[in-house]
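To start, the structure itself, in structure tokens.
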Amino acid sequence: MDPIPSHPESSPNSPTPTSDRSFLQTFTILTALCAGVFVAALDVTIITTALPSIAAHFESSSAYTWIGSSYILANTATIPAWGKVSDIWGRKPLLLVATVIFFSGSLICAVGNTIAIFLFGRAVQGLGAAGLITLVNICVSDLFSLRDRGLYFGLISVVWALASGVGPVLGGVFTEKASWRWCFWVNLPVTGLVFLLLWLTLKLESPDTPIWSGLKAVDWTGCLFVIGSTIMLLLGLDFGGVSHPWNSATVICLIIFAGVLLGLFVVNEWRLAKYPVIPLVLFHHRSGIASFLVCFCHGYIFMGEAYYLPLYFQAVLSSSPIMSGVYIIPFVLALTVSAALTGFFIQKTGVYVPAMWSGLAAMTLGVGLLINLEVTANWGKIMGFQVIAGIGIGMNFEGPLLALQAIVGSENTATATATIGFVRTLSTAISVVIGTVVFQNQMARKESQLVSTLGQQLASQVSRDAMANIKVIDTLPLDQKLVARQAIYGSLQTVWIMYVAFAAVGLVAGVFVEGHHLDTEHKAPVLGLRDDNEG
């Protein structure tokens, strides 16, 4: 298939060329961009250890679920819109707006005195974080050549991974030593500094698009369809097997209507939208489709390991929440180091396919090895398997995005970047849900085995919600504790097998990602109002 045609470059929108920026300017800009990513990524995980305290404060058991869901729903559903809107009005204004939104959401959460206000603040945070992370990657694409982007995408991935790893520990410290509200207060000075640095140092020209013309150009129908479809899908998956049975009308209708809205979205982008929020031209090339699939599987596996390894440490090895965060450090370190080295390799060589293939193979091997973890602590296996999986996952943060950007042209860089971010975020949300379904189904099958040792009531409690009853398991006599741990361990083995299957799909998809020359010449982004349904 022929490469996707590109529009001619638009020099008036050119950012400051790389060669014209001093080291101090580049360092300051990257510091601000990375700090923005850090607070947005930190906010996803910092509340995990604070959740029980927050739910207890508001005296709401349902808050335990909605504190995370309100953020994820707003974050995932709005990612595509940020990319397209930044094409219309420019990166810097929208990045500053996203920073203000995230600041406002953090402030609302820090001072909110009712659960409704707090959840509203979480949704506002999710909206702002979607803009922060998406626009940071788009700004890197605007500031640097394709060849150099690998290095800086790698740096951003390192910051994102470190924030995700530090979050649970920091949240635990704030909750135990001060107050859970400090999980949100801490965002305010950092976000304020990010705003100031970006305002003063980020030199990206913006098109002079009149506000009314820009508002008329926004693909509002497409935005509503993609937001509605995403929210319905995630709500259906969240409700299924938790607050509603999977065969309930609520869950079935949510998932069916999510599919219907997705179909309407495709028709709208294909036939109706002049400035589509996700141009279908992104899917005209086999390599582009493969890049999206690799990205989905990569995010799916990353979240699976980040979510279920701590469960293994806590439920099978009886570790505390804070110690489970410590035990996952080998995974986080391997991931961050490999992401940084991969970015450096891509910048120096201009090739990304070898790193992508090697990473996918290591990721598949590492996840497969987790099946062989033991019911007792074998630290050689625990650390070694995490390192292998972490190396593989770290090597694929940059590749799918660079592969897509290399074929879509600079006029579609923002929408390609936003769509990759949308796919990755959606995959992480789906990963936890499907992993939980597999785990709970396996535990339900073991209920009859548990009854003989634990009794009917306790066996039902453990088999139906093992994740919420870890502390109960820890209080059991030794013989009962071993039986419960063995059941959880066996169920986790099935979960790892499921993740191996998805890793293998990503490995196969990687074969279809084509290598393209990563140009060392910086090309200006194409901004403003133009017809996106070309090509």
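The values are calculated or read from the model by the stated rules, or taken from the named source; none is laboratory data. Quick caveat, the model's predicted, so the values are computed rather than measured. Glycine also receives a Cβ, built like all others from the backbone with ideal geometry; neighbour counts cover every protein chain displayed.
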Self-check item: Residue in segment 254-271 that is of a type in the set (D, E, K, R) and in a helix (DSSP H, G or I) present
Solution: yes
Self-check item: All positions within segment 110-131 that are surrounded by fewer than 18 Cβ atoms within 10 Å (Cβ to Cβ) and either within 16 Å of the chain's Cα centre (by Cα) or in a helix (DSSP H, G or I) (or both)
Solution: V111, A116, I117, F120
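In this structure, is L458 over 28 Å from G394 (Cβ atoms) and either at pLDDT below 80 or touching a helix residue (DSSP H, G or I) at 6+ places or on another chain (Cβ under 6 Å) (or both)?
So L458 fits the description; yes.
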Exercise. Give the residue that is nearest to F27 (Cα to Cα), with candidates limited to residues of segment 204-226 that are in contact with a helix residue (DSSP H, G or I) (Cβ under 8 Å, 6 or more places away or on another chain) and not in a helix (DSSP H, G or I).
Key: L204
Quiz item: Does any residue in segment 210-237 that is on the phi < 0 side of the Ramachandran plot come within less than 7 Å, Cβ to Cβ, of a residue that is of a type in the set (S, T, Y) six or more places away or on a different chain, and which pairs are these?
Solution: A217/Y275; D219/Y275; I227/T78; T230/T76; L234/T76
Quiz item: L188 passes all but one of (1) surrounded by fewer than 19 Cβ atoms within 10 Å (Cβ to Cβ); (2) assigned to a helix (DSSP H, G or I); (3) over 23 Å from the mean Cα position of the chain (by Cα); which number fails?
Solution: (3)
Quiz item: Of the numbered conditions (1) farther than 28 Å from P321 by Cα; (2) at pLDDT 85 or above; (3) basic (K, R), K216 satisfies every one except a single condition; which is it?
Solution: (2)
Quiz prompt | Residue that is modelled with pLDDT under 95 and within 24 Å of A290 (Cβ to Cβ), where the choices are G359, G343 | solution = G343
Self-check item: Residue, nearest to E411 (Cα to Cα), within segment 147-158, restricted to residues that are among the aliphatic types (A, V, I, L, M) and surrounded by fewer than 24 Cβ atoms within 10 Å (Cβ to Cβ)
Solution: L151
Quiz item: Is it fair to say L282 is over 19 Å from N137 (Cα atoms) and either buried (at least 20 other Cβ atoms within 10 Å of the Cβ) or not basic (K, R) (or both)?
Solution: no
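Based on this model, can you work out whether L155 counts as touching a residue at least 60 places away in the same chain (Cβ under 8 Å), in a helix (DSSP H, G or I) and closer than 25 Å to V326 by Cα?
yes
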Practice problem: Tally the residues that are assigned to a helix (DSSP H, G or I) and either touching a Cys at 6+ places or on another chain (Cβ under 8 Å) or of a type in the set (V, I, T) (or both), restricting the search to segment 293-329. | Solution: 6
Quiz item: If you check Q480 against the conditions, is it of a type outside the set (A, V, I, L, M, F, W, C), out of contact with any Asp or Glu (no Cβ under 8 Å at 6 or more places or on another chain) and either at pLDDT 75 or above or within 25 Å of N372 (Cβ to Cβ) (or both)?
Solution: yes
Exercise. Please state which one of F344, F313, F331 is under 24 Å from L476 (Cα atoms) and hydrophobic (A, V, I, L, M, F, W, C).
Key: F313
Quiz item: In segment 99-108, how many are in contact (Cβ under 8 Å) with a residue 40 or more places away in the chain and among the aliphatic types (A, V, I, L, M)?
Solution: 2
Practice problem: May I ask you to verify whether S448 is modelled with pLDDT under 90, loosely packed, with under 15 Cβ neighbours inside 10 Å and assigned to a helix (DSSP H, G or I)? | Solution: yes
Exercise. Just one of (1) buried (at least 19 other Cβ atoms within 10 Å of the Cβ); (2) modelled with pLDDT under 80; (3) within 27 Å of W185 (Cβ to Cβ) trips up L51, so point out which.
Key: (1)
Quiz item: What number of residues within segment 382-400 satisfy the criterion of being in contact (Cβ under 8 Å) with a residue 24 or more places away in the chain and either crowded, with 23+ Cβ neighbours inside 10 Å or touching a strand residue (DSSP E or B) at 6+ places or on another chain (Cβ under 8 Å) (or both)?
Solution: 13
Exercise. For segment 194-213, enumerate the residues that are among the β-branched types (V, I, T), surrounded by fewer than 17 Cβ atoms within 10 Å (Cβ to Cβ) and at pLDDT 85 or above.
Key: none
